[in-house]
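I have placed the structure first, in the form of structure tokens, so that the comments after it can refer back to it.
A short reminder: the numbers here are calculations on the coordinates, not readings from a lab. Quick caveat: nothing in here was measured; it's all calculated off a predicted structure. Neighbour counts run over all protein chains shown; Cβ positions are idealised from the backbone, glycine included.
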Amino acid sequence: MNIALIGVVPPALPLDQSRPWNSARQMLVCTSVTDEAQDVKTFTFAVEGGGWFSYQPGQFITVELRTADGDLHRTYTVSSTPSRPYSLAITVKAQPTSVGTRWMFDNLVPGSRLRAYGPSGHFTLARNPGRKYLFISAGSGITPMMSMLRWLSDCAPGSDVVFINSARRPEDIIFRAELELLAQRMPNLSLGFLPEGRSKASPWAGLMGRIDRHKLAMLTPDYMSREIFCCGPEPFMKSVSSIVRAEGFDMGHYHQESFGATSIAETVHRQAEESAVDGIAAGLKVSFLGANQTQTCQPGQTVLETARAAGVRIPAACESGICGTCKVLKRSGDVEMRHNGGISTQEIDAGFVLACCSRPITDVEIEA
Ligand code: FES
């Protein structure tokens, strides 16, 4: 394992003498980069100028990557635990077609500064507490589960958890060594690794292959009575949800991280079309107060699209109303907002909207 560490660790004030990270004002500083598996690295950050991180296990942040081709925004689930609040880690896998993640691999080193937004997300233990848990993931979908498990290990080590991870080969199981260590200190933690294929590098004698009804029942005979958290590629999550639904599982206790899912992007696209068909007024004016720009909104256009047409920059990542990156304050007027959990009721009450999924229904003024 290759770990690169920053030479100087900033002194950390006690929690009650410092403030949590404020993404509007403070950058992140990379403190270490750790190789986890092939094409998988963990980037760990501290708050620039001091501070700590307040988040729920399972939440994500959006990072702003200043590439030569322009700024990219990418959303990653936090893999660290808030029970160790002075650092925050994301564990990312570079796919062959990755642009943002590859840029991070090539450019982020200890000492690098990074703008980020968040944390956001509702795929959390706090929101969906259970008596017993099944954490089931595939590939890098393991990251929110790892945050949850690390949290339980620190705060409730007696928790009853079945932790299943599916990977392409045995050596692709991320965090395997740490998970085996956690299983020694958590008496009610049961691990189930499920590689899809063998490899010469890492012999395997256990269960193998894609998840199905029989393997799930072998690894978790009592899954019907557990709170289920599922994260991974769309086909994997579809398989798991189909299996448990077919068995009559109460889907109110099934939670999956749909972040980035095509289905949601498609839903938002469909909503845009529906909005246009609904006859939401055309020719409305959107004023961006910070940039001192006013732009006419085309039929069905979002605040974000209108901002882009005006040359006004609003950071955005998922563009599906999930991540909360494009949150802006609305000073006046009304919008139709169809989000997917990226904004809380309190924030809406305070006047915030998500620019990517808000369509003006009157002239509006936005603080951007
Ligand atoms: S960009 Fe993610 S909610 Fe708008």
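Subtracting the Cα-Cα distance of His253 and Arg84 from 0.36 nm times their residue separation leaves 58.0 nm of extension gain. Between Leu207 and Arg245, the distance separating the two model label sites (each 7 Å from Cα on the Cα→Cβ line) works out to 2.2 nm. Helical runs assigned H by DSSP (4 residues or longer) give the chain a calculated mean residue ellipticity at 222 nm of -6500 deg cm²/dmol, each run adding -39500 (n - 2.57) before division by the residue total.
Here, the stretch 3-120 is characterised by an Rg to Rh ratio of 0.94, where Rg is the alpha-carbon radius of gyration and Rh the Kirkwood radius.
Strictly over 32 Å apart at the Cα level, which of Lys93/Lys200; Lys238/Lys330; Lys132/Lys238; Lys93/Lys327; Lys41/Lys327 would you flag in this model? Too far apart for the 32 Å limit: Lys238/Lys330. Here r is the Cβ-Cβ distance between Thr345 and Ser199 and R0 is 51 Å; the resulting FRET efficiency, rounded to 0.05, is 0.60. Shown for Trp151, Trp204: other C-beta atoms within 10 Å of each C-beta, ranked fewest to most, produce the order Trp204, Trp151.
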